[in-house]
Amino acid sequence: MRQENIPPFSMPMFHDWVPKGIRPWIYLLQAFCFQFSGGVYLGAMNDMIGEYQWMREDVQFLMYCNLAGMAIWFPVLFRTKFRFTNKALLMGSALTIIVCNLLTMHKLPLPLMWVVCFIAGVAKIQGTFENLSNIQLWMTPKRDFGVFFPILHIVLLTAIEGAGFLAAWFAFHMHWRMMHWLVIALMLLVLIVQATLTRPFCPMPKEKHVPFTHIDWLSALGWVLFFLCLAYILNYGDWLQWYHSRTITMLTGIDCLLLAFLMLRMKYHPQAYIEYRIVRFRYFRPIILFMALFEVIMSVEHVLENVFYEEVMHYTDLTYETLNQWSLIGVYAGCLFSLGWLKVQRWSQYQLIGIGMFFICLYCVGFYFLVTPEIGYYQLVSPLISRGFGYSILCIAFMWCLHEVMDFMHFFQALCIFNFFHMFGGGCIGGAILSHGIGYYVGDGFARYNGYINLVSVSGGQLAGGFAALGTYMNGMIEGLLAQTVKILYGYMIWACLVFIAIFLLWDRPEIRHTVKSMPSWSHFGARILGAFNRAQHRARRIALHKAKVKSQLQRI
């Protein structure tokens, strides 16, 4: 197959007087600015709950709406890049995030907050993509995704941990709304940079702009509703007592109907938002399945760690987020390790996934043995570093595998489904399982130990201090039961990790090639997309002419 030439790196959107050496750094900093943005910030979750009188599930679902906006926008990212100018996309995304952050500082009705957070997610991924796609050749002149994905995840995971820490710091020392004002200030900085240093530029000539039409928005809306309904069921299911609730039952039925509609539309619609062909790519389904299972396992980070820190250790949000920063050491080490494995050595990605899961297993083992109310703060550092190392490796490895099995025209459609499970789908499933497990084992513990607590034993003085000491005794008992429950569930996750490791170390098959694909220029991609659009239009006209011909023949009869 002929290798296509990749053009040299340049950034023609900047004015000529801007030094070339700082141009890519400006866009890298802008990518960080967009990644720090969001609709709500979980580092300040408890403060929002206290002020707005929301439940924890309400704030979490707002985050899921934000992540759904990011995931659903992947298939049209290149359509926007080849239709609008770089300056218009970045300034439009920044202005949208400013408006969304101004709105989410106020207690709006929850359905309206869902929409605002969703729109903020769309603007966030659009701004991030536009920045990073323009400096990709600076990061790796050959568009080597064994290099690009590790660098990409350094940006993404640093911003995720940093945003959580800053939100908690502002909430502790000032007010939780200060995080929103910081993001607004960062977006104003992006607007100033774009207004003063850049000019309108599109990689496609004006006469060849890809029209932003004939997009199957109905399917896009269907996918959003399907995954958000699923997230709602899993997020609120434990609170609403699952199928004892009419709401959960009704949403489950709606979700099944939506899935059937989307499958039919994928198969029979000529311009489906996500084409049925992506399912036929070899290894696509196993990659999505294993990514979902991996995220189910990683839900321990958000569920079990939170329970342990808040209910057993009584850490503040700032203490929790400060402790989480230690995982960044593992993240950076994992990204560099993946870079050496995929780019320098070009070794098997199956073994890389097995190594990543081995470190997740070490993290679970560490917490399994350390979870007690008497644990020291710094004793948790080693498991957190292990978690960061394993998580970064697995994120990079799965995305690299997905890229290797898909062609470019369908890669971003596959990323849409991939990120639905990666960002929140698998985490929702794991969170629901773990929440149910916590309720079961805590209730079981009370059932086993309630015989030791009764009015006779209390009044008889078997508890020192009688009734006065009952509250203290019960608090200690609850903390002990929660710690025991967390330990039990971490034990189950250790077994899941071991099965995962065995699968990937034994199933080391060489079918997915180990060389990185060569990729042509953006203008060539734009021409291919424009050609596909023109072919779709031509097909639509032929169908319309055929229908008109049949109709005229029927009228004659």
For this session: Could you grab me the full set of residues in the stretch 55-83 that are assigned to a loop (DSSP other than H, G, I, E, B) and modelled with pLDDT of 85 or more?
Result: Met55, Trp73
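Based on what the data block shows, is Phe420 modelled with pLDDT of 75 or more, assigned to a helix (DSSP H, G or I) and not aliphatic (A, V, I, L, M)? Before you say what the answer is, go through the steps one by one.
Numbers: modelled with pLDDT of 75 or more: yes; assigned to a helix (DSSP H, G or I): yes; not aliphatic (A, V, I, L, M): yes.
So Phe420 fits the description; yes.
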Exercise. Across the stretch 81-113, what is the number of residues that are surrounded by fewer than 21 Cβ atoms within 10 Å (Cβ to Cβ) and of a type outside the set (A, V, I, L, M)?
Worked result: 10
Exercise. How many of the residues in the stretch 14-53 are surrounded by 15 or more Cβ atoms within 10 Å (Cβ to Cβ), assigned to a loop (DSSP other than H, G, I, E, B) and at pLDDT 85 or above?
Worked result: 4
Exercise. Within the set of pairs 6+ apart or on separate chains, which have a first residue in the stretch 362-384 that is over 15 Å from Ala483 (Cα atoms), a second that is modelled with pLDDT of 85 or more and not in a helix (DSSP H, G or I), and C-beta atoms under 8 Å apart?
Worked result: Val381/Trp326; Leu384/Trp326
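From the list Ser338, Ser348, Ser327, pick out the single residue that is closer than 26 Å to Ala171 by Cβ and polar (S, T, N, Q). So that I can check it myself, show each step before the final result.
On the way: Ser338 fails: closer than 26 Å to Ala171 by Cβ; Ser348 fails: closer than 26 Å to Ala171 by Cβ.
Of Ser338, Ser348, Ser327, the one residue that is closer than 26 Å to Ala171 by Cβ and polar (S, T, N, Q) is Ser327.
Looking at the stretch 114-134, which of its residues are open to solvent by 40 Å² or more (accessible area, probe 1.4 Å), within 22 Å of Gln30 (Cα to Cα) and either of a type outside the set (Val, Ile, Thr) or under 14 Å from the mean Cα position of the chain (by Cα) (or both)?
Initial filter on the stretch 114-134 (open to solvent by 40 Å² or more (accessible area, probe 1.4 Å)): 114-115, 118-119.
Then drop every residue that is not within 22 Å of Gln30 (Cα to Cα), which leaves 118-119.
Once the filter is applied, which keeps residues that are open to solvent by 40 Å² or more (accessible area, probe 1.4 Å), within 22 Å of Gln30 (Cα to Cα) and either of a type outside the set (Val, Ile, Thr) or under 14 Å from the mean Cα position of the chain (by Cα) (or both), the stretch 114-134 yields only Phe118.
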For this session: Among the residues of the stretch 337-379, write down those that are open to solvent by less than 20 Å² (accessible area, probe 1.4 Å), touching a Gly at 6+ places or on another chain (Cβ under 7 Å) and at pLDDT 85 or above.
Result: Gly356, Met357, Ile360, Tyr363
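Out of Phe408, Phe412, Phe398, report the one residue that is within 30 Å of Ala220 (Cβ to Cβ), among the hydrophobic types (A, V, I, L, M, F, W, C) and open to solvent by less than 10 Å² (accessible area, probe 1.4 Å).
Phe398
Does the stretch 292-305 contain at least one residue that is farther than 23 Å from Leu434 by Cα, part of a helix (DSSP H, G or I) and out of contact with any strand residue (DSSP E or B) (no Cβ under 9 Å at 6 or more places or on another chain)?
No, because not a single residue in the stretch 292-305 is farther than 23 Å from Leu434 by Cα, part of a helix (DSSP H, G or I) and out of contact with any strand residue (DSSP E or B) (no Cβ under 9 Å at 6 or more places or on another chain).
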For this session: Can you work out which of the residues in the stretch 206-241 that are open to solvent by 60 Å² or more (accessible area, probe 1.4 Å) and without any contact (Cβ under 8 Å) to a residue 60 or more places away in the chain is nearest to His538 (Cα to Cα)?
Result: Thr213
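Go through the stretch 246-265 and count every residue that is among the hydroxyl-bearing types (Ser, Thr, Tyr) and over 21 Å from Cys65 (Cβ atoms). Spell out the reasoning first.
From the stretch 246-265, those among the hydroxyl-bearing types (Ser, Thr, Tyr) are 247, 249, 252; that's our starting set.
Applying the additional criterion that residues be over 21 Å from Cys65 (Cβ atoms) yields 249.
Final tally of qualifying residues: 1.
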For this session: Considering each residue of the stretch 310-329, count those that are touching a Phe, Trp or Tyr at 6+ places or on another chain (Cβ under 6 Å), under 19 Å from Val371 (Cβ atoms) and in contact (Cβ under 8 Å) with a residue 24 or more places away in the chain, and give that number.
Result: 1
Seminar exercise, completed: Pairing a residue in the stretch 337-359 that is within 28 Å of Pro141 (Cα to Cα) with any residue that is open to solvent by 70 Å² or more (accessible area, probe 1.4 Å), where Cβ atoms lie under 6 Å and the two sit 6 or more apart in sequence or on different chains, gives Trp341/Trp347
Exercise. Tell me, which residue of the stretch 85-114 that is part of a helix (DSSP H, G or I) and free of Cβ contacts under 8 Å to residues at least 12 places away in the same chain is farthest from Gly50 (Cα to Cα)?
Worked result: Val99
Exercise. What are the residues in the stretch 265-304 that are of a type in the set (D, E, K, R), at pLDDT 85 or above and open to solvent by less than 30 Å² (accessible area, probe 1.4 Å), if any?
Worked result: Glu295
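The values are calculated or read from the model by the stated rules, or taken from the named source; none is laboratory data. Please read these numbers as outputs of a predicted model, since none were measured by experiment. Heads up, the Cβs are rebuilt from the backbone with ideal geometry, glycines too, and the neighbour counts pull from every protein chain shown. Side chains are part of the model used for accessible areas, which takes the heavy atoms of the whole protein and leaves out ligands, DNA and RNA. Shrake-Rupley method; radii C 1.70, N 1.55, O 1.52, S 1.80 Å.
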